[in-house]
Amino acid sequence: MPSSPYLLFSQQPALEPDVFALVQQARTFFKAELSCFARHFGGNGTDSWGRLGVRLQFRDDAQPVSFQLRVRWATAGDQAEAEQAELRGKAAGMATLARRCRVVWELDPAEHSERQLLLLCALLASVWLGPILPPDKSTLFGVRGARERAA
């Protein structure tokens, strides 16, 4: 049975990300190099979707790590999950932040270390300005929470 993905809420107005902002943020605040590959976006209106591959090389890691992300418009179900996670994790205000986000990115945890996943989540959340919902849906957290969990 596949595990649930991390959900990364995004305040970006479109499904296609600002790749330049991600690259700059990686270099400036995460001591990492980020590159994108396998960009594919399609559909119309609420049926729009996308996939993005990113390669992330942290200066203190020997090898770069590749991730596949999926993007779609946020749903009422996503918002309900965020509200429940906020209550469970006592993450006051994070569901309100999630409600401002029209876009949701999914990141599967398979084949990656928890540290790598959380550092990527922190990087993405620092640009997309939305909370992170982990696979266990126990809470919502932001950039600082992701970095603390990665440490």
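Tabulated data for the structure shown
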{"read-out": "Mean projected area (nm²) of the alpha-carbon convex hull when the chain is viewed from all directions", "value": "8.7 nm²"}
{"read-out": "³J(HN,Hα) computed for each position of region 126-139 - Karplus, 6.51 cos²θ - 1.76 cosθ + 1.60, integer Hz, glycine/proline x", "value": "5, 9, 7, 6, x, x, 10, 10, x, x, 7, 6, 7, 6"}
{"read-out": "When region 85-151 is reduced to its Cα atoms, the Kirkwood hydrodynamic radius in Å", "value": "12.0 Å"}
{"read-out": "Structure-based [θ]222 nm, the chain - -39500 (n - 2.57) summed over DSSP H runs of at least 4, per residue, nearest 500", "value": "-11000 deg cm²/dmol"}
{"read-out": "In region 44-151, trypsin sites (Lys or Arg not before Pro) in a DSSP loop with at most 15 other beta-carbon atoms within 10 Å", "value": "R59, K90, R100, R102, K137"}
{"read-out": "³J(HN,Hα), Karplus 6.51/-1.76/1.60, whole Hz, each residue of region 99-106, x for Gly, Pro", "value": "5, 6, 9, 8, 10, 10, 9, 10"}
{"read-out": "Test item: Cα-centred dipole of the chain, Lys/Arg +1 and Asp/Glu -1 on Cβ, debye", "value": "300 debye"}
{"read-out": "Low-density loop positions, GluC sites (Glu not before Pro), region 93-151 - DSSP coil, at most 16 other Cβ in 10 Å", "value": "E111"}
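Read the figures in this text as sums done on the coordinates, not as results from a lab. All values derive from a computational prediction rather than experimental measurement. No Cβ is skipped: glycine too gets one built from the backbone with ideal geometry, and neighbour counts run over all protein chains shown.
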